[in-house]
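The values are calculated or read from the model by the stated rules, or taken from the named source; none is laboratory data. These figures come from a predicted structure and were not determined experimentally. Positions of Cβ are backbone-derived with ideal geometry, glycine not excepted, and every protein chain shown enters the neighbour counts. Just so you know, the surface numbers come from the protein's heavy atoms only, side chains and all, with ligands and any DNA or RNA stripped out. Shrake-Rupley method; radii C 1.70, N 1.55, O 1.52, S 1.80 Å.
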Amino acid sequence: MKKRILVIHGPNINMTGQREVGVYGKETFESINSDIRSWANQLGLELVEIFQSNSEGAIIDKLQEHRSDVDGIVANMGAYTHYSIAIRDAIASVTIPCIEIHLSNVHSREEFRHKSVIAPVCAGVICGFGKYSYLLAMEGLSHIM
Ligand code: DQA
């Protein structure tokens, strides 16, 4: 049976391709999602859902909704990464490996981006590879689920 994954994009990630292109690149959100879909296919994974929300509560609801029907999660929680204890608790409460990803290398940016409150409850972290951060995380997950 195919392993099932959920991809979550947090706040402002839907603006990728239009916002701060010097940092996040010109590739659009839609085109990244389309690459995520075809890569899932190539890896033999079932992509249950690609979910984006600008709201903390909606992200937590989504994690809870899928707590028992997916095998792995790839998440770019955007700015929530740096301060949302509520999202951290939601990830900790689902016993599914979650990979934290970022398009940019957060460690080469402002100091407030160096801290992740979710990393300690994630199985791994990938950042700095643009859209490939998502694809690398999916590949990594496929080996550990
Ligand atoms: C980001 C990095 C975060 O610090 C920032 O708030 C984002 C995007 C990234 O993908 O590089 O919104 O998660």
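When the GluC sites (Glu not before Pro) in segment 48-115 are filtered for DSSP coil states and for at most 14 other beta-carbon atoms within 10 Å of their beta-carbon, the remaining sites are 110. For residue 2, the lysines whose Cα falls under 23 Å of its own Cα, not counting residues fewer than eight places away in the same chain, are 62. Within the shell defined by Cβ-Cβ distances under 14 Å, the residues around residue 129 carry a net charge of -3, with Lys and Arg each +1 and Asp and Glu each -1.
Semi-axes of the equivalent ellipsoid for the chain, computed as √(5λ) from the eigenvalues of its C-alpha gyration tensor and ordered from largest down, come to 21, 18, 14 Å. Which trypsin sites (Lys or Arg not before Pro) in segment 91-135 pass both tests, a DSSP loop state and at most 16 other beta-carbon atoms within 10 Å? Listed in order of number, the matching sites are 109, 115. Here the label points at residue 28 and residue 108, each 7 Å from Cα along the C-beta direction, are separated by 2.7 nm in the simple model. Computed with a 1.4 Å probe over protein heavy atoms only, the accessible surface of the chain comes to 48 Å² per residue. Under the criterion of Cα pairs below 8 Å and six or more residues apart, the relative contact order for segment 3-144 equals 27 percent. Selection among 34, 51, 91 by position relative to the dipole of the chain gives 34 as farthest towards the positive end (Cβ unit charges, Cα centre).
Loop exposure criterion: chymotrypsin sites (Phe, Trp or Tyr not before Pro), DSSP state outside H, G, I, E and B, at most 16 other Cβ atoms within 10 Å. Applied to the chain, the longest stretch between such sites is 1-82.
This model, with +1 at the C-beta of Lys and Arg and -1 at the C-beta of Asp and Glu, gives segment 3-144 a dipole about its Cα centre of some 200 debye. When the Cα positions of 127, 117, 78 are compared along the charge dipole of the chain, 127 comes out farthest toward the positive end, with charges on each C-beta of Lys, Arg, Asp and Glu. Here's the list of lysines a cross-link from residue 131 could span, going by alpha-carbon distance under 18 Å and ignoring same-chain residues fewer than 8 apart: 26. Between 108, 133, 116, the Gaussian network model of the chain with springs among Cα atoms under 10 angstrom shows the greatest mean-square fluctuation at 108.
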